[in-house]
Amino acid sequence: MTAAATDAPMIRMSAVDKHFGALHVLKGITLDVPRGQVVVVLGPSGSGKSTLCRTINRLEPIDSGTISVDGTPLPAEGKALAGLRADVGMVFQQFNLFAHKTILDNVTLGPIKVRGLAKAKANEEAQALLKRVGIADQADKYPAQLSGGQQQRAAIARALAMKPKVMLFDEPTSALDPEMVNEVLDVMTSLAAEGMTMLVVTHEMGFARRAAHRVLFMSDGEVVEDSTPGDFFSAPKSDRAKDFLGKIL
Ligand code: ADP
Ligand code: MG
């Protein structure tokens, strides 16, 4: 969308507040994510993790504070917002593929519509992405013909087709059968190794230990801990994090 604003953090959230009615779901979130950093967001259900992700690509408006992506403040709406959304890829728990389009068409739709690519060029890029996520042979199938793990990898390819600067993942493996979790985590791990800036909400502690540069622990709309995976898992500081880890590990 815009030229890289070089020194700016890839994501900057400053005093971000968000309510749903009387419920205060994000309480003054201030956070910088540098370019290339992989951040895993942990926390109990209802702590605001999904809402945090959704504010970053403006699926949820915020009440106050500011959010910038690569130095560009989030626009409220309009054409600039579509450009911003292209900069911020998002992968959800439910794969959200278009059921009546082939996998290839799912991946090319955004590039043709938003990036203005010619169909042949979009197809070429999409094929390369499908190969990268290991499902090149599924291009002409429909989502329902794929396994959950393959669908989620298609969803990742679709997000990457927009050439995002940041990728947000909201529990990308939570809806998968256990035997398919690793094929998706492997794609995410290689994306991380290639230097993508990523914010990942997950309960996969192995991924957090292996791929994260940083762990954020959220509770009640606040970032309660912000540390390295090593420090977080071996010596959580807050009682809330200790309690959380005690339940899941
Ligand atoms: P998490 O992803 O950590 O489980 P969420 O961000 O989904 O948490 O939700 C935080 C809180 O906001 C929860 O109490 C949830 O019920 C509430 N919430 C989320 N989305 C909405 C919505 N669209 N309308 C009203 N309340 C919501
Ligand atoms: Mg959630």
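Annotations for the structure displayed:
- Cβ-defined net charge surrounding V181, 14 Å radius [Lys, Arg +1; Asp, Glu -1]: -4
- The residues neighbouring G148, those whose beta-carbon lies less than 11 Å from its own, together hold a net charge of -2 under the Lys/Arg +1, Asp/Glu -1 convention.
- Computed [θ] at 222 nm, helices only, for the chain once each DSSP H run of length n ≥ 4 contributes -39500 (n - 2.57): -11000 deg cm²/dmol
- Cut-off 14 Å between beta-carbons: net charge of the residues surrounding S219, Lys and Arg +1, Asp and Glu -1: 0
- Dipole in debye (nearest 20) - the range 173-238, about Cα centre, beta carbon charges: Lys, Arg +1; Asp, Glu -1: 240
- Counting every other Cβ atom within 10 Å of each residue's Cβ, T228, T51 order from fewest to most as T228, T51.
- Per-residue Cβ neighbour rank within 10 angstrom, fewest leading, S68, S190: S190, S68
- Taking A122, A161, A22 in turn, the Gaussian network model of the chain (Cα-Cα springs below 10 Å) assigns the largest fluctuation to A22.
Values quoted throughout were computed directly from the atomic coordinates according to the rules given, and no laboratory measurement underlies them. All values derive from a computational prediction rather than experimental measurement. Virtual Cβ from ideal backbone geometry, glycine too; neighbours counted across all protein chains shown.
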